[in-house]
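Q: Could you have a look at this structure, given as structure tokens, before my questions?
The values are calculated or read from the model by the stated rules, or taken from the named source; none is laboratory data. Since the model is a prediction, treat every value here as computed from it, not as a measurement. Here Cβ is always computed from backbone atoms with ideal geometry, including for glycine, and neighbour counts include all displayed protein chains.
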């Protein structure tokens, strides 16, 4: 059977049988829900998830959970790992959300991008950490309305690069890339992936899911599409590939979604019909992808797949370029 006719849901990403792997009932203090977690592998070999935790006020903070195998025996910080700091960062008034984490070898630190929720809407903030105990906040680097941001782990030329998703007054949300000499001042804003129109699964609003994944073929992007239906918004995941040396250029964009709400824990919760990945780790083989995602804004789940299979699938199920032309 040709690759474009195979069952995408079973071919590219497989749900872990232990799903959901983390819920509010696992937390050492009382919360409403936990979801949308950044992920990284520590030098110790442990998996760390930096989770979005929503308390019963409706606001969110970040809390770290550590596991020896990324599935079981989670050790969760006994209190919030990173709380809003409203006195010094008023842009965090209504909480901090949806982190992405990358290890930056040049800095010898992890870069944590997250959404700061201010009176004017969501913006992008950046913090640096060596140990997920102490954080150096660089503050709000992209003003409202903006979110779904992740730093690239290395400079492109002599500049840092960041993927993010501003939303203009028109309401359409495209994926952009911006550049900075110092992580504080950002410019050369360029659209790399444009939301489509009409009945497409990724029409109207799209955004980065986990940080970009560096491969020999390019920067693999998993992105979410938000389709508006009569029953509400439907969040699903697709693939694109950016040029390795010039990530302003999208080489391939998948024509179909590859992962969407299917199970009860993805279809029922505080926000129904949502799969929302914010983090991944790679196994020692360099190919097996562990994708951590928020399910229905209520729990954290895990799916696994092969980078090689995803890149092969793109060769048969993509169009060139990231801008919408149909």
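Q: Find all pairs meeting these conditions: Cβ atoms under 7 angstrom apart; at least six residues apart or on different chains; first residue within region 190-213 and farther than 22 Å from residue 293 by Cα; second residue modelled with pLDDT under 95 and in a strand (DSSP E or B).
A: Close Cβ pairs satisfying both conditions: 196/203; 197/203.
Q: Continuing with the same structure: Filter region 83-107 for residues that are closer than 20 Å to residue 47 by Cβ and surrounded by fewer than 23 Cβ atoms within 10 Å (Cβ to Cβ) and give the result.
A: 102, 103, 104, 105
Q: Okay, moving on. Would you mind listing the strands (runs of 3 or more DSSP E) fully within region 171-282 where at least 2 residues are modelled with pLDDT under 95 and crowded, with 16+ Cβ neighbours inside 10 Å?
A: Hits in region 171-282: 218-229, 232-242.
Q: More than 20 Å from residue 182 (Cα to Cα), in contact (Cβ under 8 Å) with a residue 12 or more places away in the chain and not in a loop (DSSP other than H, G, I, E, B) - does that describe any residue in region 66-74?
A: Among the residues of region 66-74, at least one is more than 20 Å from residue 182 (Cα to Cα), in contact (Cβ under 8 Å) with a residue 12 or more places away in the chain and not in a loop (DSSP other than H, G, I, E, B), which makes the answer yes.
Q: Sticking with this one: Take residue 116 and decide whether it is closer than 21 Å to residue 45 by Cα and not in a loop (DSSP other than H, G, I, E, B).
A: For residue 116, the condition - closer than 21 Å to residue 45 by Cα and not in a loop (DSSP other than H, G, I, E, B) - is not met.
Q: Also, quick follow-up: State yes or no: is residue 56 without any contact (Cβ under 8 Å) to a residue 60 or more places away in the chain, surrounded by fewer than 21 Cβ atoms within 10 Å (Cβ to Cβ) and within 25 Å of residue 271 (Cβ to Cβ)?
A: Answer is yes for this residue.
Q: Over 26 Å from residue 63 (Cα atoms) and not in a loop (DSSP other than H, G, I, E, B), is that true of residue 164? Break it down into steps so the answer makes sense when it comes.
A: Values: over 26 Å from residue 63 (Cα atoms): no; not in a loop (DSSP other than H, G, I, E, B): yes.
The answer is no for residue 164.
Q: Go through region 57-67 and count every residue that is more than 14 Å from residue 127 (Cβ to Cβ) and within 22 Å of the chain's Cα centre (by Cα).
A: 7
Q: Additional query: Quickly run through region 119-153 and pick out the residues that are touching a strand residue (DSSP E or B) at 6+ places or on another chain (Cβ under 8 Å), without any contact (Cβ under 8 Å) to a residue 40 or more places away in the chain, outside any loop (DSSP other than H, G, I, E, B) and under 16 Å from residue 92 (Cβ atoms).
A: 122, 123, 125, 136, 146, listed by residue number.
Q: Would you mention how many residues in region 39-59 are within 19 Å of residue 285 (Cβ to Cβ) and touching a helix residue (DSSP H, G or I) at 6+ places or on another chain (Cβ under 9 Å)?
A: Selection size over region 39-59: 0.
Q: Can you pull out the residues in region 69-86 that are within 26 Å of residue 115 (Cβ to Cβ) and out of contact with any helix residue (DSSP H, G or I) (no Cβ under 8 Å at 6 or more places or on another chain)?
A: Just the residues of region 69-86 that are within 26 Å of residue 115 (Cβ to Cβ), to begin with: 70, 74-86.
Listed by number, the residues that qualify are 70, 75, 77, 78, 79, 80, 81, 82, 83.
Q: When you go through 304, 298 one by one, which is the residue that is within 24 Å of residue 74 (Cβ to Cβ), modelled with pLDDT of 95 or more, touching a strand residue (DSSP E or B) at 6+ places or on another chain (Cβ under 8 Å) and surrounded by 20 or more Cβ atoms within 10 Å (Cβ to Cβ)?
A: 298
Q: Here is a check on your reading of the model: is residue 132 surrounded by 12 or more Cβ atoms within 10 Å (Cβ to Cβ) and on the phi > 0 side of the Ramachandran plot?
A: Numbers: surrounded by 12 or more Cβ atoms within 10 Å (Cβ to Cβ): yes; on the phi > 0 side of the Ramachandran plot: yes.
Yes; evaluated as a whole, the condition is true for this residue.
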